[in-house]
Amino acid sequence: MNKSIKKLCKVIGRDLSKLHKGDTASALWPFIPNEAEYYVGSFFIRELYSSIKRLKDKGYSIEEIARLFENPSKIAQYFTLFHSAKVLKFNQRIELAKDLISCIGYYREDVFCDENNRLKKYSFEIDKLNSNENNLIISNKLSALLLFYLEILYPTMMRLGHEFHGVYEKGSKRIFIKEFFNLNPISLNLTEEFPFKKIKIVEEIRGEIDLDFFNHLFQSPKKVASYVEIDGRLIKDIELKKVYKIIEKKVNETILKTKNFSRKDWFKVYSRGLFHSFDSLKKELNLPLEIPKELFLKIDHENFKVPLDKIIKFIKMHTKEEIEKITVESYIRIFEENDK
């Protein structure tokens with residue numbers, strides 16, 4: 001087995017077992033990832049592979065393809081759907097996994113986040129940091145509000161809309177960066193735009209962060225200073241309060257528009273979010289983004305549900321190490337079972 005793919009399987013087992021033992025299963029809304037994969041996985045993996053392959057056939061380098069994704073943690077999410085990669089031939093599964101790993105490596109210093117979570121390209125300005133308590137409170141509230149909003153846009157796949165990275169050290173200061181993007185409610189089938197395109201929160205922190213391969217933040221350090229940039233512009237104290245109110249109003253409007261969504265509606269939201277996450281590849285190929293009609297028919301006419309109580313019982317009955325081993329083995333089988 002390819003060395004990087006073997007490493008990938010181990011890292012997925014390491015990080016998902018930690019996530020599961022954190023009792024996240026009972027809190028997942030509005031479904032668990034396995035249920036979503038049942039509906040969308042094979043359709044998505046097939047389209048993702050096809051898009052990358054077409055670009056490579058046109059002469060695009062893996063670096064040029066990586067730039068189209070714009071962020072690495074978005075790419076990492078795709079591996080959670082890789083049990084559906086068996087719709088591809090064996091050599092295609094290997095090819096797709098290696099390409100995605102290379103795309104992540106284009107951005108990250110440490111592809112698998114063993115030692116750090118830094119990006120190769122980043123920017124911040126120390127002199128913009130503001131230690132005012134009110135500023136810290138509002139920036140913290142803004143971060144929480146945006147995460148809540150992303151949970152609506154990308155249920156169980158919030159990292160399609162954010163990238164957390166760091167720690168970067170400059171003198172005695174330790175900097176952690178949160179970036180939010182893909183904020184338009186396309187996944188909800190809403191045509192209006194979010195008032196801002198990109199929001200960056202730069203934090204000076206004390207203590208350590210615990211951030212995994214998928215960009216799950218397990219431990220949030222103490223913040224002693226911060227600043228907020230929106231669409232490249234520094235937002236200062238008084239304006240920050242106004243901006244927060246604007247975003248809060250938009251989030252509340254979105255909640256109202258989705259309050260009667262059924263479970264099947266949320267599967268469709270998830271599906272649209274996933275497909276739109278690589279829309280830039282389709283545009284580069286001069287192809288329209290078309291979500292297969294069969295996918296929505298499957299959601300409408302099939303009822304697949306994993307008993308949550310059984311999952312919780314399974315997690316409680318097994319240690320983290322046992323869950324890690326089971327997860328690693330399940331991923332290794334994807335890349336060991338050759339086509340007959």
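Bear in mind these aren't lab numbers, they're just calculated from the coordinates by the rules spelled out. As the structure is a computational prediction, the values presented were derived from the model and not from experiment. When we count neighbours, we look across all protein chains shown, and the Cβ atoms used for this are built from the backbone with ideal geometry, even at glycine.
Taking Cα atoms only, the orientation of helix 33-57 departs from the longest principal axis of the chain by about 90 degrees. When Rg and the Kirkwood radius Rh are both evaluated on Cα atoms of the stretch 266-340, their ratio Rg/Rh stands at 1.11.
With all projection directions averaged, the alpha carbon convex hull of the stretch 126-258 covers 8.0 nm². Counting Cα-Cα pairs of the stretch 75-133 in 5 Å increments starting at 0 gives whole-percent bin shares of 4, 15, 18, 16, 13, 11, 8, 5, 4, 4, 2, 0.
The angle between the Cα long axis of helix 3-21 and the main principal axis of the chain comes to about 70°, on a 0 to 90 degree scale. Tally Lys/Arg at +1 and Asp/Glu at -1 over every other residue whose Cβ is under 14 Å from the Cβ of K58; what's the total? That sum, taken over residues with Cβ under 14 Å, equals +2. In a DSSP loop and with at most 15 other Cβ atoms within 10 Å, the chymotrypsin sites (Phe, Trp or Tyr not before Pro) in the stretch 267-331 are F304. Compute the angle between helix 320-336 and the longest alpha-carbon principal axis of the chain, please, reported from 0 to 90 degrees and rounded to the nearest 10. Value to nearest ten degrees: 50. Rounded if a/c is under 1.5, else prolate if a/b beats b/c, else oblate: with a ≥ b ≥ c from the C-alpha gyration tensor eigenvalues square-rooted, which is the stretch 175-218? Oblate is the answer for the stretch 175-218, as a/c is 1.5 or above yet b/c matches or exceeds a/b. Residue exposure proxy: K121, K282, K98, ordered by other Cβ atoms within 10 angstrom of their Cβ from fewest to most, comes out as K121, K98, K282. Within a straight-line Cα-Cα reach of under 14 Å, K128 can be paired with the following aspartates and glutamates, leaving aside sequence neighbours fewer than 8 residues apart in one chain: E203, E204, E229, D237.
Percent of Cα pairs in the chain per distance bin of 10 Å, from zero to the largest separation: 5, 24, 34, 27, 10, 1, 0. Among the GluC sites (Glu not before Pro) within the stretch 244-313, those in coil by DSSP and having at most 10 neighbouring Cβ atoms inside 10 Å are E290, E302. Within the stretch 90-186, all pairs of alpha-carbon atoms sorted by distance into 10 Å bins from zero give the percentages 13, 32, 37, 14, 4, 1. Considering all C-alpha pairs of the stretch 31-113, those separated by over 16 Å amount to 52%.
Distance between the C-alpha centres of the stretch 74-111 and the stretch 136-160: 26 Å, rounded to the whole angstrom. So which of K259/K282; K178/K223; K120/K236; K3/K325; K141/K200 end up more than 22 Å apart by C-alpha? K259/K282; K120/K236, as the Cα separations exceed 22 Å there. Rg over Rh for the stretch 199-293 works out to 1.06, both radii taken from alpha-carbon positions and Rh defined as the Kirkwood radius.
Database remark: amide H of K197 closer than 5 angstrom to the amide H of D231 (H placed geometrically; neighbours at sequence offset of 5 or more, or on other chains; Pro and chain starts carry no H).
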